[in-house]
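No lab work stands behind these numbers, since they all come straight from the coordinates. Computed from a predicted model, the values in this text were never measured in an experiment. Here the Cβ positions follow ideal geometry from the backbone for every residue, glycine too, while neighbour counts run over all protein chains shown.
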Amino acid sequence: MCFKTVMPFVSNSNTNITFQNLMYLFGVLWNLADKLFFQKHMTQLLIDWNPIVKEFEESNKWKELMAG
């Protein structure tokens, strides 16, 4: 997931920040946060939860959860 624009982070004046500039900055920050935090966290979460999900699926414990 990333936001890409063709406009660099520049504005027409020194104090004017346009919507495109904000979206570009948001995209850069989002990609940085994604690389530093989210990918590592989600990968570890999936590694931790996979055995639990597999156990519930193979032992039919999921039927108990669906029953209430």
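Of note:
- Length added when fully stretched, ASP48-LEU32, from 0.36 nm per residue minus Cα-Cα: 3.3 nm
- The simple spin-label model puts a point 7 Å past each Cα toward its Cβ; for LYS40 and LEU22 those points are separated by 3.1 nm.
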